[in-house]
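What follows is a single structure, written as structure tokens, with notes after it.
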Amino acid sequence: MKKVFVAGHRGLVGSATMAALAPLKSYELITRTHAELDLCDPVATREFFMSERPDYVVMCAAKVGGIAANINFPVDFLHINLAIQLSVFNAAHAVGVERMIFLGSSCIYPRECPQPIREDYLLTGPLEATNRPYALAKIAGVESCWSFNRQHQERYLALMPTNLYGPGDNYHPEHSHVLPALMRRFHEAKMQGAPSVVVWGSGKPRREFMYSLDLGEAIAFLLGLPDNEFGALTAPDAAPLINVGVGEDITIRELAERIKLAVGYDGELIFDTTKPDGTPRKLLDVARLSALGWKARTSFETGLRAAYEDFLHLYAVENATSR
């Protein structure tokens, strides 16, 4: 039985990873909350690794947020993510972790790169300015994986998921990603009888969305690959980078209309073109992962219904505790 440390197990990606790995008898899962272990603290992180001696690590812990949060807190998104990565990578190497899966983001790719985005487009052009600090931190994580594999013959794999949504998402009206933020806005507009909802930007950018539990299954699939296959993915002669997505995208306008329908809101959509659009399009090429035998299973309609049910539960809890 392999001991697996899931870093950031309470977040969107971490909880999906836990859901996928928990039923598997071949793993003993290890977790710590932020209150129990601050991964920005390299001394505490190393002591934890020395004590627990995990065989595998799934690196989900990160500071994440939407366009507004990235614009307002660039230092936090750069420094906190770099600090977490330095602590965990160094501690994992110190205790001889056999496999690590590091979770990045599709924003690591250039703003104006060809579509769909292949893994080898990394560092071929300028980044999107609105989330450049976060993207640079995640690019550093990819390079850390590759550097450890080259210098120390480690087996660290970097996954770049597309935009995610699902159970345990952050529904903050200002600091969350576009899908959960819109879901909250439409729900509150419905409850208040508001005549319209404002959506940032022109509505023209295209985005790809994947249900978070599908990502959890992809992580479980890759973590469970035979030694020779996992070793081939982390061979030092190439960047150990794999895209994870669904292979389809929609416009932000289409996204807003689908969320509006799922929530049951009847008002008008207003697009605020004074707000930034972000990257024009981000559709990942998932051919490399598909060739290994994995494909996302959840349709957008099914995932959106499940996400809204999760939101309703969390929203009710939030309102109850604020009274």
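Restricting attention to region 289-308, does a residue exist that is closer than 30 Å to Gln151 by Cβ, among the small types (Gly, Ala, Ser) and without any contact (Cβ under 8 Å) to a residue 40 or more places away in the chain? Yes, there is a match, as at least one residue in region 289-308 is closer than 30 Å to Gln151 by Cβ, among the small types (Gly, Ala, Ser) and without any contact (Cβ under 8 Å) to a residue 40 or more places away in the chain.
When region 191-210 is examined, which residues are found to be outside any strand (DSSP E or B) and among the small types (Gly, Ala, Ser)? Listed by number, the residues that qualify are Gly193, Ala194, Gly201, Ser202, Gly203.
When Pro167, Pro133, Pro173, Pro126 are screened for being part of a loop (DSSP other than H, G, I, E, B) and either in contact (Cβ under 8 Å) with a residue 40 or more places away in the chain or under 14 Å from Lys282 (Cβ atoms) (or both), only Pro167 passes. Residues in region 114-135 that are surrounded by fewer than 17 Cβ atoms within 10 Å (Cβ to Cβ) and among the aliphatic types (A, V, I, L, M) were compared, and the one that is modelled with the lowest pLDDT is Ala129. Scanning region 268-318 for residues that are part of a strand (DSSP E or B) and either at pLDDT below 95 or within 19 Å of the chain's Cα centre (by Cα) (or both) gives Arg281, Lys282, Leu284. In region 4-20, the condition of being under 23 Å from Pro167 (Cβ atoms) and over 18 Å from the mean Cα position of the chain (by Cα) is met by at least one residue. Would you say Gly247 is surrounded by 17 or more Cβ atoms within 10 Å (Cβ to Cβ), part of a loop (DSSP other than H, G, I, E, B) and small (Gly, Ala, Ser)? Yes; evaluated as a whole, the condition is true for this residue. Just so you know, in region 11-21 the residues that are more than 20 Å from Val97 (Cβ to Cβ) and at pLDDT 95 or above include one that is surrounded by the most Cβ atoms within 10 Å (Cβ to Cβ), and it is Ala16. Within the bounds of region 211-234, is there any residue that is out of contact with any helix residue (DSSP H, G or I) (no Cβ under 6 Å at 6 or more places or on another chain), on the phi > 0 side of the Ramachandran plot and not in a strand (DSSP E or B)? No: zero hits.
Kindly provide the set of residues from region 152-201 that are more than 30 Å from Arg288 (Cβ to Cβ), aliphatic (A, V, I, L, M) and crowded, with 18+ Cβ neighbours inside 10 Å, ordered by number. Hits for region 152-201 are Ala181, Leu182, Met183, Ala189, Val197, Val199.
Scanning region 89-113 for residues that are of a type outside the set (Lys, Arg), farther than 21 Å from Gly14 by Cβ and either crowded, with 16+ Cβ neighbours inside 10 Å or modelled with pLDDT of 95 or more (or both) yields a total of 6.
Assess whether Thr321 counts as being more than 22 Å from Val198 (Cα to Cα), assigned to a helix (DSSP H, G or I), of a type in the set (S, T, N, Q) and at pLDDT below 95. Yes, satisfied.
Yes/no per residue for (1) without any contact (Cβ under 8 Å) to a residue 24 or more places away in the chain; (2) in contact with a His (Cβ under 6 Å, 6 or more places away or on another chain); (3) closer than 21 Å to Ala91 by Cα:
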site: Ala16; (1), (2), (3): no, no, no
site: Leu24; (1), (2), (3): no, no, no
site: Ile30; (1), (2), (3): no, no, yes
site: Leu39; (1), (2), (3): no, no, yes
site: Val43; (1), (2), (3): yes, no, yes
site: Arg46; (1), (2), (3): no, no, yes
site: Met50; (1), (2), (3): no, no, yes
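Within region 250-267, the set of residues being among the charged types (D, E, K, R) and part of a loop (DSSP other than H, G, I, E, B) comprises Asp266 only.
The values are calculated or read from the model by the stated rules, or taken from the named source; none is laboratory data. Just so it is clear, the model here is predicted, and its values are computed rather than measured. So basically every Cβ, Gly included, is an ideal-geometry build from the backbone, and we count neighbours across all protein chains shown.
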